[in-house]
Amino acid sequence: MTPTYKVTLLLSIVFLASCSGIDKNVQETLDNISQQRRNELSAFISHYLGRGNMHDGAKFIVANMSDKYSIISGSPDIYHEYIDSVYEDGTTFNSRKGYDYKSGFSPSRLSSVNVPDIDFVIVDSLTEHFDNAYSVWETTPWRSLYSKELFEKYVLPYRIADEPLEYGWRKDAYERNSHYLESCKDSGIIAACTYIYNNLDYQTNNLFWGEPLQPYSVNVHYRRGTCSDYAVYTAMVMRALGIPVSLDFVPYWGDNNNGHSFNALLMPDGSCLGFNNKDDLNNGLHLSGKVPKVYRKEFEIQRNIALYKYKDVEYIPPLFAGHNIKDVTGDYDIPLTDIMISPVMNTPRSHIVYLAVFSPVGWRPVAWAEYKGGNASFRNVGTGYTSHDSPSTKGEGYGEGCLFIPVCYTDTEDMLPLDYPFILLETGEKRSLIPDTTMVENVVVERKFPRKKRIIEFARKMKGGYFEFSNKPDFSDSEVLFFVNETPSSRLQEIILPENSRYRYVRFYKRRGGISIGEMGCKDETGNVIPGKPVADFVLRDDKELINICDGNVLSFFDIAGLDDTWFGLDFGKPMLLRELFFCPRTDDNEISPGDVYEMFYWDRRWKSLGKQKADGHTITYEKVPRNALLWIHNLTKGREERPFTYENGKQVWW
């Protein structure tokens, strides 16, 4: 302990004895820690006694420290070594190393521990961090516009979420980025935030999706990570420069199996401007999926809500158990409605009930409400997309509205449904999906996951091109055997070639525009794939990812943004008798795949199986399926992307 804190410790003892200047939340925090930590944190508060807002800020930090922690890997050296090897050659999810990473080594498989701040925060380092925050804030031109409460919540905290704690991030981020402030110091806080964000030079990379948050030093070094890493890093940089920015997030999309993190600039009146792309602060936030709920990661413990009141008497699911997120759905341009739930299946014994969204590994709670008098009222529930988006702009077969199921938890942490799943519309209309087992139909399944717009666009890039065959490397004797006249399906296409088609080379040629392909090749008369070596025009022939066109994996791909007179193909080494051409646009591989085994379910208080089938084509038909049922087709062979659907007018409608 430094000499300064030896002195202030004496003051803190007197200070705590009176308790006149310390609020109950600080006292509660200090009462539940060791005497040594109590003395250290009390001295931290007393160090700022008589220094106005800084004293209040010190109390705010200590009062809300008890639930904060870092997730620390048990083997960080292995983690960093692997990241070095990955980024050394620009590995992405599209590369072989990327696939090896996701199927083999993963940092999340290393042992990790939660390290609570209340036990391990170094007070001297916290003080330096604290002083830096106030020092920078005093120099900002917008300081006088903001309340001390907004500053304490969205500038002062020493951490953003549960990233590994590093004390020097505020000073380092300021030194690296403060020159941006000089370029826009007279332009206002929106312009400053926009300019800085546009210069952060950070790339999101799905290679590490699902891993713990990276520490500040790793973000600075690699400038790559998940959307959550990006949002945490952005908030750190902005706060270091005295700009109040929060970490906001969608825990789970209403039409996808993951969530998303982004940032929001807090305005002096408490409103916010969300940003996720470089032009969002000026043009409005754009989010890519259906938004059931948006929450803000708060440093302040949310003590004034019912969840906190019941935290010690009933199970609270992980999303809400930290009591440090705030519902900000109503702050965003999202279609919203309120809904009241009256349980019809199970009577909750808990005080809190939830709305959950679909996930292949189980329903995920995204909203909560207090259960009173036999009802639970949910407010500001999202039912769709941000402005300028609709189901028709997202892809094929998306339904209108958002799918939910009301649930509660037992004392043994089991989830119980309170009603059937339902589609919630912006009007507040609730369309219940109650299966009618007396009225059945045949259901023809083509996909296990909706065909998104981007997947359609990948396929559309092949339209207008053609496959030509030759026995000369310059294709001077070429013969066109297949034109791609229409946008193909996002699966493997198989074309029978004319008899006696004997060629050494095959290529795909397109006069202009981009190309995005997952696989191509030829088979002989016995149905075996003929090995070939990738070839291409002089612009593309040295591209490392050209091998992806014939690696046997439709999920790897070769993408060309937009060149004129572009071609690539295969050299079989010698003229070969070809019976079949096959190709696949860049795809998500979510079409029904011949040879894969599937199981379909419908929801009736639980997922009930309709049986397993091995696909012998690109569709599967299930007979005697109850009408008005929520359905789910599960691939038992491979893959993980799956969404529920209803069957309407002979088509799959996705939720």
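The values are calculated or read from the model by the stated rules, or taken from the named source; none is laboratory data. Keep in mind the model is a prediction, meaning the values are calculated, not measured. Methodologically, a virtual Cβ is constructed for each residue, glycine included, from the backbone with ideal geometry; neighbour enumeration extends over all protein chains shown. Keep in mind that these areas ignore ligands, DNA and RNA; they rest on the heavy atoms of the full protein, side chains included. Shrake-Rupley method; radii C 1.70, N 1.55, O 1.52, S 1.80 Å.
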Cβ-Cβ under 8 Å pairs, at least 6 apart or on other chains, the stretch 273-293 side closer than 16 Å to D331 by Cα and in contact (Cβ under 8 Å) with a residue 40 or more places away in the chain, far side of a type in the set (D, E) and open to solvent by 30 Å² or more (accessible area, probe 1.4 Å): G274/D331; G284/D333; L285/D333; H286/D389; K293/D327
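Among V291, V245, V313, V250, which is the only one that is of a type in the set (A, V, I, L, M) and surrounded by fewer than 21 Cβ atoms within 10 Å (Cβ to Cβ)? Show your work before the answer.
Numbers: V291 fails: surrounded by fewer than 21 Cβ atoms within 10 Å (Cβ to Cβ); V245 fails: surrounded by fewer than 21 Cβ atoms within 10 Å (Cβ to Cβ); V250 fails: surrounded by fewer than 21 Cβ atoms within 10 Å (Cβ to Cβ).
Answer to the check: V313.
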The stretch 275-323, subset of a type in the set (S, T, N, Q) and modelled with pLDDT under 95, residue nearest to Y398 (Cα to Cα): S288
Filtered residue count, the stretch 150-166, keeping only those that are more than 14 Å from N64 (Cα to Cα), outside any loop (DSSP other than H, G, I, E, B), in contact with a Phe, Trp or Tyr (Cβ under 7 Å, 6 or more places away or on another chain) and open to solvent by 10 Å² or more (accessible area, probe 1.4 Å): 0
Every residue from the stretch 551-569 that is open to solvent by less than 40 Å² (accessible area, probe 1.4 Å), of a type outside the set (G, A, S) and under 20 Å from R491 (Cα atoms): N553, V554, F557, F558, I560, F568
Residue list for the stretch 395-428, filter: surrounded by fewer than 16 Cβ atoms within 10 Å (Cβ to Cβ) and closer than 22 Å to R349 by Cβ: T410, D411, T412, E413, D414
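Within the stretch 327-342, count every residue that is among the aromatic types (F, W, Y) and more than 18 Å from S288 (Cα to Cα). Spell out how you get there, then give the answer.
Applying the first criterion (among the aromatic types (F, W, Y)) to the stretch 327-342 yields 332.
Filter once more, keeping what is more than 18 Å from S288 (Cα to Cα): none.
Result for the stretch 327-342: 0.
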The stretch 349-389 - residue that is under 15 Å from L416 (Cα atoms) and among the basic types (K, R) and, of those, surrounded by the fewest Cβ atoms within 10 Å (Cβ to Cβ): R349
Lone unmet requirement of (1) surrounded by fewer than 19 Cβ atoms within 10 Å (Cβ to Cβ); (2) touching an Asp or Glu at 6+ places or on another chain (Cβ under 7 Å); (3) not small (G, A, S) for N346: (2)
Residues of the stretch 476-508 satisfying the condition of being open to solvent by 10 Å² or more (accessible area, probe 1.4 Å) and free of Cβ contacts under 8 Å to residues at least 40 places away in the same chain: S476, D477, S478, E479, V480, F483, N485, E486, T487, P498, E499
Single unsatisfied condition, K311 versus (1) of a type in the set (K, R); (2) free of Cβ contacts under 8 Å to residues at least 24 places away in the same chain; (3) part of a helix (DSSP H, G or I): (3)
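Regarding T619, is this residue open to solvent by less than 30 Å² (accessible area, probe 1.4 Å), out of contact with any helix residue (DSSP H, G or I) (no Cβ under 9 Å at 6 or more places or on another chain), within 23 Å of F458 (Cβ to Cβ) and hydroxyl-bearing (S, T, Y)? Don't jump to the end; show me each part of the working.
On the way: open to solvent by less than 30 Å² (accessible area, probe 1.4 Å): no; out of contact with any helix residue (DSSP H, G or I) (no Cβ under 9 Å at 6 or more places or on another chain): yes; within 23 Å of F458 (Cβ to Cβ): yes; hydroxyl-bearing (S, T, Y): yes.
No, not satisfied.
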Scope the stretch 204-223; condition under 14 Å from the mean Cα position of the chain (by Cα) and closer than 24 Å to G274 by Cβ; matching residues: T204, N205, N206, F208, W209, G210, L213
Hey, I196 open to solvent by less than 70 Å² (accessible area, probe 1.4 Å), of a type in the set (V, I, T) and more than 28 Å from A321 (Cα to Cα) or not: yes
Matching residues in the stretch 229-287 - criterion: being among the small types (G, A, S), under 30 Å from S359 (Cβ atoms) and in a loop (DSSP other than H, G, I, E, B): G254, G259, G284
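Suppose we filter the stretch 490-507 for residues that are within 25 Å of R447 (Cβ to Cβ) and either assigned to a strand (DSSP E or B) or touching a helix residue (DSSP H, G or I) at 6+ places or on another chain (Cβ under 7 Å) (or both); how many remain? Quick ask: steps written out before the conclusion?
We begin by selecting, within the stretch 490-507, every residue within 25 Å of R447 (Cβ to Cβ); these are 490-496.
Restricting the remaining residues to those that are either assigned to a strand (DSSP E or B) or touching a helix residue (DSSP H, G or I) at 6+ places or on another chain (Cβ under 7 Å) (or both) gives 490, 493-496.
Residues in the stretch 490-507 being within 25 Å of R447 (Cβ to Cβ) and either assigned to a strand (DSSP E or B) or touching a helix residue (DSSP H, G or I) at 6+ places or on another chain (Cβ under 7 Å) (or both): 5 in total.
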Tabulated pairs, the stretch 412-438, first touching a residue at least 60 places away in the same chain (Cβ under 8 Å), second hydrophobic (A, V, I, L, M, F, W, C) and open to solvent by 40 Å² or more (accessible area, probe 1.4 Å), C-beta under 8 angstrom, 6+ apart or interchain: L418/V344; D419/V344; Y420/I434; E426/L336
Identity of the residue in the stretch 528-544, in a loop (DSSP other than H, G, I, E, B) and modelled with pLDDT under 95, that ends up most open to solvent (accessible area, probe 1.4 Å): F538
For S392: the one exception among (1) touching a strand residue (DSSP E or B) at 6+ places or on another chain (Cβ under 6 Å); (2) surrounded by fewer than 22 Cβ atoms within 10 Å (Cβ to Cβ): (1)
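Could you check the stretch 156-190 and list, in sequence order, the residues that are among the hydrophobic types (A, V, I, L, M, F, W, C) and at pLDDT below 95? Step through it out loud before you land on a result.
Looking only at the stretch 156-190, we keep the residues that are among the hydrophobic types (A, V, I, L, M, F, W, C), and these are 156, 160-161, 165, 169, 173, 181, 184, 189-190.
Passing the criteria: L165, L181, C184.
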